[in-house]
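Below: the structure, in structure tokens.
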Amino acid sequence: MAKTLFEKLWDAHVVEVLPDGTSLLYIDRHLVHEVTSPQAFEGLRMADRSVRQPGKTFATMDHNVPTDDRDNIADPVSKAQIEALVENCSDSGVTLYGLDSDKQGIVHVMGPEQGLTLPGMTIVCGDSHTSTHGAFGTLAFGIGTSEVEHVLATQTLRQTKADTCKVEFTGKLQKGVTAKDMILKLIGMIGTAGGTGYVLEYAGEAIRALSMEERMTVCNMTIEGGARAGMIAPDETTIEYFTAREREFAPKGEALERAIAYWRSLPSDPDATFDREITVEVDKIVPQVTWGTSPGMVTDVTACVPGPDALPDFNRVDVERALEYMGLTAGTPITDIKIDTVFLGSCTNSRIEDLRRAAALIEGRKVAEGVRMLVVPGSEPVRKQAESEGLDAIFKASGAEWRFAGCSMCLAMNPDQLQPGERCASTSNRNFEGRQGKGGRTHLVSPEMAVAAAVEGHFVDVRTFV
Amino acid sequence: MEGVETHRGIVATLDRANVDTDQIIPKQYLKSIKRTGFETGLFSDWRYLPDGTLSPEFELNQERFRRATVLVTRNNFGCGSSREHAVWAIVQYGFKAVIAPRVDRAAGRVPAFADIFAGNAVKNGLLTIQLSEDEVQAIFGMVERFPGLEMTIDLPEQRVILHMDEEESFRFDIAPAVKEHLIRGLDDIAITLEHSAAIDAYEAKTAASG
Ligand code: SF4
């Protein structure tokens, strides 16, 4: 029978179908970070259980780490959490890329970089943006702490098979429009719950044309559309990610040849059927900017802030609340919105290509008077690569701050936070109330749009910013 | 975890859709490595004024909702981050159940609860009950009319009963596996470990072929 990519991966990983109708699914790779794991390790200890497959489990620290002075963590509670991860990993034999490691980074940047993420795998992490790894043709999704404990103890999860949805991106992107705009547009179309219960497969010529890093940007925000996993079938671009450069945990030589032959068998069969299909014409996409407090509250940079009357898919009170929180009035052109802060970073847009494109655009320009710009690489390897290319110098010359790797102002758990009322153009993935600091106002955009806003002090259509 | 069959308690309403887990428990509370003490963080950005006192504006601070154990809210509750701390905070604050509507829109169906949140809830014995939009709307109305309104949730019968002069009740659907899990208060890991032989066999097979 013809199968989709998801069905192939699912079938290959079912250990057993259980009497209650759920399946025990084998997990090939378990990624761990400091915030959602301590209670799981503690649970294991209390039940006198151990980590079944420490060799398939890899940890890093990202959410709670400082991005400036890494040697002195001022907050004792943060420090205790970081120390707990060090101890838990050393007790259980799990490899950890901690603050002293040159591989440390945001868990979803670190995994692919080190070759821990390979096509055909099942990958989980106690983090909803685990969907990022689906860019490689993996089944990857976020889990809660109880499930982290379950995977540590059993290397499996009990799962109910999701429905499948194909999202076909047709056509060609305009210049200045990016993978970030593609995914924001999709979320605007289906809403933040539109994908609930589905695994999305992104397909079509516009997806094929994307680099691996751009594909990660698309898959990253799958969860913002309500779907736990999004995936893209492996192709030549995927294979090249592993042949162009050696990656520590990826197969090499003959083993890589064998792996590639397997990866080529993974794409959905031509006659496979999906439970639902969505088409997005990318030619028509223009740069996107969120105006509200959920990623589905998004519009074109050429548009105005909408009011509740124009939005039948939202509850009126929710739109009114969002506008009030954001300090915006319906009818204001998006390009009239002034910003105080620019955050270039997060697991959505902090990889080397993001930094290169942003640096190319900001080179020879200055961050506008009164605007603060923070550039936070996704991982230490990304930081070193960027520095070897002189990108840090370009950012600093334009007036931006250059930091060590971490989640930083994406969730503002460390000291990188917005003040109440501050307005930020952010390349991250969530614009929830208070996400970047209590009272802070977040507008999600692409790195290019963020740079243009940094230079002008307000949003501009990056297509006209040359 | 203890099993639950029925629960009776006061109903509180929170009239907001897409309540995300960043709202349910903001990040500053996620630094803790313990499993307890999260109730102070529940909805903290809404619940407290800058000086740390309770905000009179926020629904759950109203006297009539102080001892509520059932939270009725709007669609797509618990979206966003996978943080299980959100469920811990709700449970530790004293809620036994959250009720929300699925909503049918032109663009498709919007579920009551986000996936990861609903999964985390089951693991902690928190009932997440999905009703229709009309039914939830009706409950919002009843809570306004009858201060201190109580509800019984009958899990085996899959019913919620609203205790007014004239009782009203609504039926809800729940996956059989989830229902059994909640009623029996099962330890997932212990059950999975009973399948260790199958996991061993799977690992042996994939190691040989891989
Ligand atoms: S960068 Fe942001 S979204 Fe990504 S893992 Fe870190 S906190 Fe989560």
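I'd like to verify a number: residues in region B:32-87 that are of a type in the set (A, V, I, L, M) and without any contact (Cβ under 8 Å) to a residue 24 or more places away in the chain, how many?
Going residue by residue through region B:32-87, those that are of a type in the set (A, V, I, L, M) are B:33, B:42, B:49, B:54, B:60, B:68, B:70-72, B:86-87.
Restricting the remaining residues to those that are without any contact (Cβ under 8 Å) to a residue 24 or more places away in the chain gives B:33, B:49, B:54.
Number of matching residues: 3.
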Q: Could you check, for region A:85-100, whether at least one of its residues is among the acidic types (Asp, Glu), surrounded by fewer than 18 Cβ atoms within 10 Å (Cβ to Cβ), under 22 Å from A:LEU44 (Cα atoms) and at pLDDT 95 or above?
A: yes
Q: Residues being more than 30 Å from A:THR238 (Cα to Cα) and free of Cβ contacts under 8 Å to residues at least 60 places away in the same chain: count how many of those fall in region A:261-316.
A: 14
Q: Looking for whichever is more than 14 Å from chain B (Cβ to nearest Cβ) and either touching a residue at least 12 places away in the same chain (Cβ under 8 Å) or surrounded by fewer than 24 Cβ atoms within 10 Å (Cβ to Cβ) (or both) here; the options are A:THR222, A:THR196, A:THR164, A:THR156. Which one fits?
A: A:THR164
Q) Is there a residue in region B:174-182 that is modelled with pLDDT under 95, among the β-branched types (Val, Ile, Thr), assigned to a helix (DSSP H, G or I) and surrounded by fewer than 16 Cβ atoms within 10 Å (Cβ to Cβ)? A) no
Q | Residue satisfying condition, being among the β-branched types (Val, Ile, Thr) and within 18 Å of A:ASP68 (Cα to Cα), within set A:VAL382, A:VAL367 | A | A:VAL382
Q) Out of the residues in region A:19-52 that are at pLDDT below 95 and surrounded by 15 or more Cβ atoms within 10 Å (Cβ to Cβ), which is farthest from B:ILE199 (Cα to Cα)? A) A:ASP20
Q) Is it the case that A:GLN174 is over 23 Å from A:LEU9 (Cα atoms), touching a residue at least 12 places away in the same chain (Cβ under 8 Å), more than 14 Å from every other protein chain (Cβ to nearest Cβ) and out of contact with any Lys or Arg (no Cβ under 7 Å at 6 or more places or on another chain)? A) no
(Q) Go through region A:282-302 and report how many residues are surrounded by 16 or more Cβ atoms within 10 Å (Cβ to Cβ), assigned to a loop (DSSP other than H, G, I, E, B) and either in contact with a Cys (Cβ under 7 Å, 6 or more places away or on another chain) or away from every other protein chain (no Cβ under 14 Å) (or both). (A) 5
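Is it true that some residue in region B:114-128 is of a type in the set (Ser, Thr, Tyr) and in contact with a helix residue (DSSP H, G or I) (Cβ under 6 Å, 6 or more places away or on another chain)? Give the derivation first.
Filtering region B:114-128 for residues of a type in the set (Ser, Thr, Tyr) gives B:128.
Then drop every residue that is not in contact with a helix residue (DSSP H, G or I) (Cβ under 6 Å, 6 or more places away or on another chain), which leaves B:128.
Taking every residue of region B:114-128 in turn, at least one turns out to be of a type in the set (Ser, Thr, Tyr) and in contact with a helix residue (DSSP H, G or I) (Cβ under 6 Å, 6 or more places away or on another chain).
Quick check: anything in region B:190-201 in contact (Cβ under 8 Å) with a residue 24 or more places away in the chain, buried (at least 16 other Cβ atoms within 10 Å of the Cβ) and either more than 10 Å from every other protein chain (Cβ to nearest Cβ) or more than 21 Å from B:VAL87 (Cα to Cα) (or both)?
No, region B:190-201 has no match at all.
Which ones in region A:199-210 are more than 12 Å from chain B (Cβ to nearest Cβ) and of a type in the set (A, V, I, L, M)?
Correct list: A:LEU200, A:ALA203, A:ALA206, A:ILE207, A:ALA209, A:LEU210.
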Q: Being under 12 Å from A:GLY406 (Cα atoms) and more than 10 Å from the ligand (Cβ to nearest atom) is the filter here, so list the residues in region A:339-350 that pass it.
A: A:LEU344
Q. Restricting the search to region A:107-118, which residues are within 14 Å of the ligand (Cβ to nearest atom) and within 14 Å of chain B (Cβ to nearest Cβ)?
A. A:VAL107, A:HIS108
Q) Counting residues that are more than 12 Å from chain B (Cβ to nearest Cβ), which helices (runs of 4 or more DSSP H) fully inside region A:1-101 reach at least 3? A) A:5-13, A:76-92
(Q) Take the residues in region A:119-153 that are part of a loop (DSSP other than H, G, I, E, B) and surrounded by 24 or more Cβ atoms within 10 Å (Cβ to Cβ); name whichever of them is nearest to the ligand (Cβ to nearest atom). (A) A:ASP127
Q. Name the residues in region A:90-106 that are away from the ligand (no atom under 14 Å from the Cβ) and hydrophobic (A, V, I, L, M, F, W, C), would you?
A. A:VAL94, A:LEU96, A:LEU99
Q) Which condition does A:ALA412 not pass, out of (1) small (Gly, Ala, Ser); (2) in contact with a Pro (Cβ under 9 Å, 6 or more places away or on another chain); (3) at the interface with chain B (Cβ under 10 Å from one of its Cβ atoms), if it passes all the others? A) (2)
Q. For the subset of region A:53-81 comprising residues that are crowded, with 21+ Cβ neighbours inside 10 Å, touching a Gly at 6+ places or on another chain (Cβ under 9 Å) and under 14 Å from A:VAL32 (Cβ atoms), which member is modelled with the lowest pLDDT?
A. A:ASN64
Q) on the phi > 0 side of the Ramachandran plot and away from the ligand (no atom under 15 Å from the Cβ) - does that describe any residue in region A:63-84? A) no
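Condition check: closer than 28 Å to A:PRO66 by Cβ and facing another protein chain (nearest Cβ under 10 Å). Does B:ILE25 satisfy that?
On the way: closer than 28 Å to A:PRO66 by Cβ: yes; facing another protein chain (nearest Cβ under 10 Å): no.
So B:ILE25 does not fit the description; no.
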Q | Single residue of region A:426-446 satisfying the filter (more than 14 Å from the ligand (Cβ to nearest atom) and closer than 19 Å to A:ARG356 by Cβ) that is farthest from the other protein chains (Cβ to nearest Cβ) | A | A:SER446
Q: Report, ordered by the first and then the second residue, all pairs with beta carbons closer than 7 Å, sequence separation of six or more or different chains, a first member in region A:384-411 that is more than 16 Å from the ligand (Cβ to nearest atom), and a second member that is in a loop (DSSP other than H, G, I, E, B).
A: A:ALA386/A:PRO377; A:ILE394/A:GLU363; A:SER398/A:ARG365; A:SER398/A:LYS366; A:SER398/A:VAL367; A:GLY399/A:LYS366; A:GLY399/A:VAL367; A:ALA400/A:VAL367
Q: Run down A:ASP300, A:ASP269 and say which single residue is within 20 Å of A:THR192 (Cβ to Cβ) and acidic (Asp, Glu).
A: A:ASP300
Q) Would a scan of region B:135-143 turn up a residue that is within 30 Å of A:TYR26 (Cα to Cα) and out of contact with any helix residue (DSSP H, G or I) (no Cβ under 9 Å at 6 or more places or on another chain)? A) no
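The values are calculated or read from the model by the stated rules, or taken from the named source; none is laboratory data. These figures come from a predicted structure and were not determined experimentally. We place every Cβ from the backbone using ideal geometry, glycine too, and count neighbours over all the protein chains shown.
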